1. Quick one: count up the residues across the stretch 1-31 that are of a type in the set (Asp, Glu) and surrounded by 14 or more Cβ atoms within 10 Å (Cβ to Cβ).
2. Checking the condition touching a residue at least 12 places away in the same chain (Cβ under 8 Å) and either surrounded by 17 or more Cβ atoms within 10 Å (Cβ to Cβ) or under 20 Å from residue 87 (Cα atoms) (or both), which residue from 169, 174 passes?
3. Scan the stretch 91-111 and give yes if some residue there is in contact (Cβ under 8 Å) with a residue 60 or more places away in the chain, among the charged types (D, E, K, R) and in contact with a Leu (Cβ under 9 Å, 6 or more places away or on another chain), otherwise no.
4. Answer with yes or no whether residue 151 is at positive phi and in contact with an Asp or Glu (Cβ under 8 Å, 6 or more places away or on another chain).
5. Please verify whether residue 146 is of a type in the set (Lys, Arg) and either more than 26 Å from residue 233 (Cα to Cα) or at pLDDT below 95 (or both), treating the condition exactly as stated.
6. Residue 54: over 19 Å from the mean Cα position of the chain (by Cα) and assigned to a loop (DSSP other than H, G, I, E, B), yes or no?
7. Hey, residue 38 hits all of (1) of a type in the set (S, T, N, Q); (2) on the phi < 0 side of the Ramachandran plot; (3) free of Cβ contacts under 8 Å to residues at least 40 places away in the same chain but one; which does it fall short on?
8. Read through the list (1) closer than 16 Å to residue 76 by Cβ; (2) touching a helix residue (DSSP H, G or I) at 6+ places or on another chain (Cβ under 6 Å); (3) of a type outside the set (A, V, I, L, M, F, W, C), then give the number of the only condition that residue 142 fails.
Amino acid sequence: MFTLKTHGDLKYFTIDEFSETGLLKHCFTTRCGGVSENEFRSLNLRMHSEDKKENILKNYEIICDEIGVDFKNLVFSNQVHCDTILSVKKEDMGNGITKPQKWDGVDGLITNEPGVPIIIFAADCVPVFFFDKKKKVIALVHSGWKGTVLKISAKCIEKMVCEYACDPADIMVAIGPSIGVCHFEVGDDVADIFRDTFGDSVLEKHEKWHVNMQKAIEIQVREMGVEKIINADICTYCQSDLLFSHRKTGGKRGVMAGIMELK
């Protein structure tokens, strides 16, 4: 279950099943509790934007201090809506925030090293959290519609199995706040791609086709053998006062982040 935490103006989500293990620090941010202004109000974490860099860095400091993570050690990817997933280590800490971005096109990160904070970004796309408490492996993926069709979440599990000897039955998967089927309207071409990949169950017909990306992710991870799936069931479009939504704002927005670090 995703639980909304509040500390003053700051609001963020944690995942109960992850917190109960006592093995990691994590959160999914909202738009509340930062220092940014205008369309970026207020906890914007979008580095490459027209927001002031000093505001963005302050926002990182605010949320990371709250969950006990050093924001200067965050490991950034370079999201491009692909299915590339990288395993990262201590030597990668600071990539993209205090060091130059060294990767071109990465939408997922995995680590089994304590003290290495990984991060992904979203503002309608689906943030997916992975945690194997037995092997002590964490992962995050950014799953937009292209990544979902490419089955990036299934590929993340495959990588956890192949590189870290994880058992899919031990991996908890949490699907974070993202645009729901209620507002994810697509054209016939995209609907056909989802139908061919996942079947009719991920589609709803309104005036146009609507896609249920969360269900498509559930299908692919269950096919990999995952048994424990936690779905936030929170739509970014519907709750745009709390969460950034690309579609609701026509792109005039900041971004939220999923952050994880093993203790």
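The values are calculated or read from the model by the stated rules, or taken from the named source; none is laboratory data. Note that this is a predicted model, so its numbers are computed, not measured. With ideal geometry, Cβ positions are generated from the backbone for all residues, glycine too; neighbour counts draw on all protein chains shown.
1. Step one: of the stretch 1-31, the residues of a type in the set (Asp, Glu) are 9, 16-17, 20.
Filter again for surrounded by 14 or more Cβ atoms within 10 Å (Cβ to Cβ), leaving 17.
Here the count works out to 1.
2. Result of the check over 169, 174: 174.
3. The initial filter retains those residues of the stretch 91-111 that are in contact (Cβ under 8 Å) with a residue 60 or more places away in the chain, namely 111.
Filter once more, so that each one left must be among the charged types (D, E, K, R): none.
Looking for residues that are in contact (Cβ under 8 Å) with a residue 60 or more places away in the chain, among the charged types (D, E, K, R) and in contact with a Leu (Cβ under 9 Å, 6 or more places away or on another chain), one finds none in the stretch 91-111, hence no.
4. On the way: at positive phi: yes; in contact with an Asp or Glu (Cβ under 8 Å, 6 or more places away or on another chain): yes.
It is true that residue 151 is at positive phi and in contact with an Asp or Glu (Cβ under 8 Å, 6 or more places away or on another chain).
5. Values: of a type in the set (Lys, Arg): yes; either more than 26 Å from residue 233 (Cα to Cα) or at pLDDT below 95 (or both): no.
Judged against the criteria, residue 146 is not a match.
6. On the way: over 19 Å from the mean Cα position of the chain (by Cα): yes; assigned to a loop (DSSP other than H, G, I, E, B): no.
For residue 54, the condition - over 19 Å from the mean Cα position of the chain (by Cα) and assigned to a loop (DSSP other than H, G, I, E, B) - is not met.
7. Result: residue 38 passes all but (2).
8. Here residue 142 clears every test but (2).
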